[in-house]
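Inspection log for the structure reproduced underneath, given as structure tokens.
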Amino acid sequence: MARQFNIPDFYKSKITSKIKKFRQLLDPKKKDLAPTVLNFGSIRVIFARHFGFCFGVENAIEIIYQTLENNPNKNIYLLSEMIHNPNVNNDLLSRGVKFIHTTRGQQLIPWESLTPEDLVVVPAFGTTVEIKNLLTKMGVDFCTYDTTCPFVEKVWTRGQQIGQQGFTVVIHGKPFHEETRATFSHSIQEAPTLVVRDPNEAKILGDIITGKKDMKKFFEIFGNNCSEGFNPKKDLEKIGVINQTTMLASETHQIVEIIRVALKKRFGTEKITNHFADTSDTLCYASNENQNATYAMIEKGGDLALVVGGYNSSNTSHLVDLCNEKIKTFFISSSENLLSKNQIKHFDLKSKSVITTESWLPKKRPIDLILTCGASCPDIMLDNVLLRLLSFFPDSTDISAALSDYESKNCQPKGSDINPKITK
């Protein structure tokens, strides 16, 4: 049985949790990626098979709120944002938690202001070896309150293993992301390391490996994102790829293949195992599930999509990218962004700014609207978005009736051991 975390009640859902429970009973092995469609009459809302808090986020949420409850008179610090969700981070700030860094690493609270009596919590993204060493030297306990995602730690371990085998580590990630900075810091302890942002950068790296581009190009593109003393002539002979766990799995696979092909061209197919390490096991299961469920939801089709989450959330922005390829998509942080049935405030990934769009809802009826969220978004926020949406359709079916209708149409066939019922 999957571990159950102690999540504060104010993050729990009364609506979408029923959908998740029903789908889990119908499909405990998670093989069915088909979306859930609730018919409200004038609007049909399409939910992804997988969305919301993942294992690592629930683990982090449980630890930080238990820390607050058990230490009411202590100064409690987070190294940076707990997760990339403004609602969660703002709630922690309101309870007296202080952030030492911004998400980009800018110092907000001087290290010298901390004392050994203070509590420092490591966020789900993990932290660098340098910061761990500094806290240890200061006598500040961070191990007790380390919420680093186990799947991030798995990536660190794999990077260490291939480094010890003489391979250079390529990290597929965003150079300024907290997780990538932490992974880079751990990786360089054992191996030459560089960060590759996307397949386009991987193609440049492939050309450098095969000699199509010179070493000057390497430092032009990767000079700020490689380990000190990196020697392209020597350090690009043996490579293994690991990743920031929230990146697009499809892009990681592309990067792996680009580098593998380049090494085959340089050293020959028969010698490829000596020059390329198989590291496919570093892909995060939750990111994979959410992304695959989004592909299935897009295939189902819709008139528009709403993706809910923090604007600096990597995994959420990738869901937006996937939806945007096929469907008009709005990236919102909460139900408050749905200003009216005529206006929506949303984040534009290209301009990196919040904009307002008029006449965002199609006039056709019924509307097929895709609704999902990232791994750092509480389910209650999806509930709130759904309720706000339905307020724009006064003739919509009651939520309980829509849930009952979905349940009755999707129960197990006769003779099944499980006939799930959604508790009203």
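The values are calculated or read from the model by the stated rules, or taken from the named source; none is laboratory data. Everything quoted here is computed from the prediction, not taken from an experiment. Backbone-built Cβ (ideal geometry, glycine too); neighbour counts: all protein chains shown. With ligands, DNA and RNA removed, areas are computed over all heavy atoms of the protein, side chains included. Shrake-Rupley method; radii C 1.70, N 1.55, O 1.52, S 1.80 Å.
I'd like the Karplus ³J(HN,Hα) series for segment 151-164: coefficients 6.51, -1.76, 1.60, θ = phi - 60°, whole numbers in Hz, and an x wherever there's a Gly or Pro.
With coefficients 6.51, -1.76 and 1.60, one gets 6, 5, 4, 4, 5, 4, 4, 5, x, 5, 4, 6, x, 5 Hz.
Computing the accessible area with a 1.4 Å probe over protein heavy atoms, can you report the carbon and sulfur percentage for the chain? Could you put the intermediate results ahead of the total?
Numbers: 9440 of 19440 Å².
Taking all protein chains in place, the chain shows 49 percent carbon and sulfur surface.
Which of the GluC sites (Glu not before Pro) found in segment 71-157 are loop residues per DSSP with 16 or fewer other Cβ atoms within 10 Å of their Cβ? Don't skip to the end; give the middle numbers.
Values: sites: 81, 112, 117, 130, 153; in loops: 81, 117.
Listed in order of number, the matching sites are 117.
Which distance in Å, rounded to a whole number, links the C-alpha centroids of segment 321-391 and segment 63-107?
For segment 321-391 versus segment 63-107, the Cα centre distance is 28 Å.
Where a Cα-Cα gap under 20 Å defines reach, which lysines qualify for residue 345, not counting those fewer than 8 residues away within the same chain?
Partners within reach: 328, 363.
Quick one: putting +1 on the C-beta of Lys and Arg, -1 on the C-beta of Asp and Glu, what dipole do you get for segment 170-302 around its Cα centre, in Debye to the nearest 20?
Values: 17 positive and 18 negative charges, 123 e Å.
Computed charge dipole of segment 170-302: roughly 580 debye.
Give me the percent relative contact order of the chain, please, defined on Cα pairs under 8 angstrom at least 6 residues apart.
Numbers: 757 pairs, mean separation 92.8, N = 424.
Reported relative contact order: 22 percent.
Can you give me the orientation-averaged projected area of the convex hull built on the Cα atoms of segment 224-352, in nm²? List each step's numbers first, then the result.
Working: hull surface 43.3 nm².
Result: 10.8 nm².
With each pseudo-label sitting 7 Å past Cα toward Cβ, what's the residue 134-residue 154 distance in nm, one decimal?
3.0 nm
With the cut-off at 19 Å, tell me which of the pairs 234/264; 21/341; 203/271 have Cα atoms farther apart than that. List each step's numbers first, then the result.
On the way: 234/264 16 Å; 21/341 30 Å; 203/271 21 Å.
With Cα atoms farther than 19 Å apart: 21/341; 203/271.
Starting from the Cα gyration tensor of segment 170-277, multiply each eigenvalue by 5, take the square root, and state the resulting semi-axes largest first in whole Å. Don't skip to the end; give the middle numbers.
Values: eigenvalues 81, 48, 35 Å².
Semi-axes, largest first: 20, 15, 13 Å.
Angle, helix 379-391 long axis vs. longest principal axis of the chain, Cα atoms, 0 to 90°, nearest 10?
Result, in degrees: 40.
For residue 165, project a label point 7 Å along Cα to C-beta. Then give me every residue of segment 232-271 with its amide nitrogen under 14 Å of that point.
Only 238-242 fall inside the zone, counting backbone N under 14 Å.
What ³J(HN,Hα) values, in whole Hz, does the Karplus curve 6.51 cos²θ - 1.76 cosθ + 1.60 give for segment 336-351 when θ = phi - 60°, with x put for Gly and Pro?
Whole-Hz 3J(HN,Hα) from phi for segment 336-351: 5, 6, 7, 5, 6, 6, 10, 10, 9, 9, 8, 9, 9, 5, 5, 8.
Could you run the Debye sum over the Cα atoms of the chain, one equal point scatterer each and no solvent, and tell me log10 of I(q)/I(0) at q = 0.07, 0.08 Å⁻¹, two decimals?
-0.39, -0.50
What residues have an amide H closer than 5 Å to that of residue 244, excluding those fewer than 5 places away on the same chain, when H is modeled at 1.01 Å from N in the peptide plane?
Residues meeting the criterion, in which the H sits 1.01 Å from N, are 172, 173.
Amide H neighbours of residue 329 under 5 Å, counting only residues 5+ apart in sequence or on other chains, H built in-plane at 1.01 Å?
Distant-sequence amide H within range of residue 329: 305.
For the chain, take the longest principal axis of its alpha carbons; what is the angle in degrees between that and the long axis of helix 178-187, to the nearest 10 within 0 to 90?
For 178-187 against the chain, the angle is about 30 degrees.
Starting from 0.36 nm per residue, how many nanometres of slack lie between residue 355 and residue 113 once their C-alpha separation is accounted for? Write out the running numbers ahead of the final one.
On the way: separation 242, 0.36 × 242 = 87.12 nm, distance 3.89 nm.
Contour length minus the Cα-Cα distance gives 83.2 nm.
In a Debye calculation with equal point scatterers on the alpha-carbon sites of segment 14-155 and no solvent, what is log10 I(q)/I(0) at q = 0.10 Å⁻¹?
The computed values of log10 I(q)/I(0) come out as -0.46.
Return the long-range amide H neighbours of residue 101 (sequence gap of 5 or more, or a different chain), with a cut-off of under 5 Å between placed amide H atoms.
The answer is 80, 108.
Remind me, relative contact order of segment 8-88 in percent, using alpha carbon pairs under 8 angstrom and six or more residues apart?
Values: 31 pairs, mean separation 15.6, N = 81.
Computed value for segment 8-88: 19 percent relative contact order.
Give the residue list of trypsin sites (Lys or Arg not before Pro) in segment 1-54 that are DSSP loop and have at most 16 other beta-carbon atoms within 10 angstrom.
Details: sites: 3, 12, 14, 18, 20, 21, 23, 29, 30, 31, 44, 49; in loops: 3, 12, 14, 29, 30, 31, 49.
Qualifying residues, ordered by number: 3, 12, 14, 29, 30, 31.
Can you give me the relative contact order of segment 181-340 as a percent, contacts being Cα pairs under 8 Å and 6 or more apart? All intermediate terms of the calculation are to be shown ahead of the outcome.
On the way: 170 pairs, mean separation 32.1, N = 160.
Relative contact order here is 20 percent.
Starting from 0.36 nm per residue, how many nanometres of slack lie between residue 216 and residue 267 once their C-alpha separation is accounted for? Could you put the intermediate results ahead of the total?
Numbers: separation 51, 0.36 × 51 = 18.36 nm, distance 2.19 nm.
Residue separation times 0.36 nm, minus the Cα-Cα distance, leaves 16.2 nm.
Assigning unit charges at the beta carbon (Lys, Arg +1; Asp, Glu -1) and nothing else, what dipole magnitude in debye, to the nearest 20, does the chain show about its Cα centre?
Numbers: 51 positive and 47 negative charges, 232 e Å.
Its charge dipole is roughly 1120 debye.
Restricting attention to segment 97-195, which chymotrypsin sites (Phe, Trp or Tyr not before Pro) occupy a DSSP loop and are surrounded by at most 16 other Cβ atoms within 10 Å?
The qualifying sites are 176.
Give me log10 I(q)/I(0) at q = 0.15, 0.21, 0.26 Å⁻¹ for segment 1-87, Debye formula, one equal scatterer per alpha-carbon, no solvent.
Per q value, in the given order, log10 I(q)/I(0) is -0.74, -1.15, -1.45.
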